[in-house]
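Note sheet for the following structure.
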Amino acid sequence: MTTIEDRRQTLLKRLSELDSRLHTIEAELDTEHTKDWDDAAIEREGDEVLEHLGQAGQDEIRRIRAALQRIRDGEYGYCANCGEEISAERLDVLPDTPLCRKCAAATG
């Protein structure tokens with residue numbers, strides 16, 4: 001059985017991975033671009049993809065930090081909407097989720 005401490009460690013590991021990835025993305029976005037028009041167009045497309053990945057990573061970081069706060073507050077594993085316990089199976093797949101399956105389906 002997975003404990004809250006196990007889930008906390010999983011969340012912290014993922015947070016570290018995302019932090020490293022975001023630093024790599026930032027470094028790539030900060031590199032100087034070519035002056036060739038064709039290459040510059042390709043680089044701009046690449047930058048847009050990197051920016052999207054960076055935003056998705058920042059969104060996931062916010063969800064993970066919120067989950068870690070719920071662990072500290074003793075509220076982890078309970079739906080932020082209805083207060084029901086979130087199934088262990090759902091937390092195994094989405095350890096940062098604040099919602100039970102029913103509430104997530106109702107909002108999504």
Screening 64, 86 for residues that are among the β-branched types (Val, Ile, Thr), modelled with pLDDT of 95 or more and closer than 30 Å to residue 27 by Cβ leaves only 64
> Residues in the stretch 87-95: is at least one out of contact with any Lys or Arg (no Cβ under 8 Å at 6 or more places or on another chain), among the aliphatic types (A, V, I, L, M) and loosely packed, with under 11 Cβ neighbours inside 10 Å?
Replying inline: yes
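Look through the stretch 1-13, keep the residues that are in contact with a helix residue (DSSP H, G or I) (Cβ under 8 Å, 6 or more places away or on another chain) and surrounded by fewer than 16 Cβ atoms within 10 Å (Cβ to Cβ), and return whichever of them is farthest from residue 61 (Cα to Cα).
Step one: of the stretch 1-13, the residues in contact with a helix residue (DSSP H, G or I) (Cβ under 8 Å, 6 or more places away or on another chain) are 1-2, 4, 7-8, 11-12.
Cutting the leftovers down to surrounded by fewer than 16 Cβ atoms within 10 Å (Cβ to Cβ) gives us 1-2, 4, 12.
Working: 1: 25, 2: 22, 4: 18, 12: 10 Å.
Checked the stretch 1-13; the qualifying residue farthest from residue 61 (Cα to Cα) is 1.
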Going through the stretch 46-61 in order, the residues found to be at pLDDT below 75 and exposed (fewer than 11 other Cβ atoms within 10 Å of the Cβ) are none
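Do you know which of the residues in the stretch 63-79 that are free of Cβ contacts under 8 Å to residues at least 12 places away in the same chain and surrounded by 11 or more Cβ atoms within 10 Å (Cβ to Cβ) is nearest to residue 104 (Cα to Cα)? Break it down stepwise before answering.
So in the stretch 63-79, the residues free of Cβ contacts under 8 Å to residues at least 12 places away in the same chain come out as 69, 72-75, 78.
Add one more test, that the residue is surrounded by 11 or more Cβ atoms within 10 Å (Cβ to Cβ), and what stays is 69, 75, 78.
Details: 69: 20, 75: 17, 78: 13 Å.
Going through the qualifying residues, I end up with 78.
The values are calculated or read from the model by the stated rules, or taken from the named source; none is laboratory data. In this text, all values refer to a predicted model and were calculated from it rather than measured experimentally. When we count neighbours, we look across all protein chains shown, and the Cβ atoms used for this are built from the backbone with ideal geometry, even at glycine.
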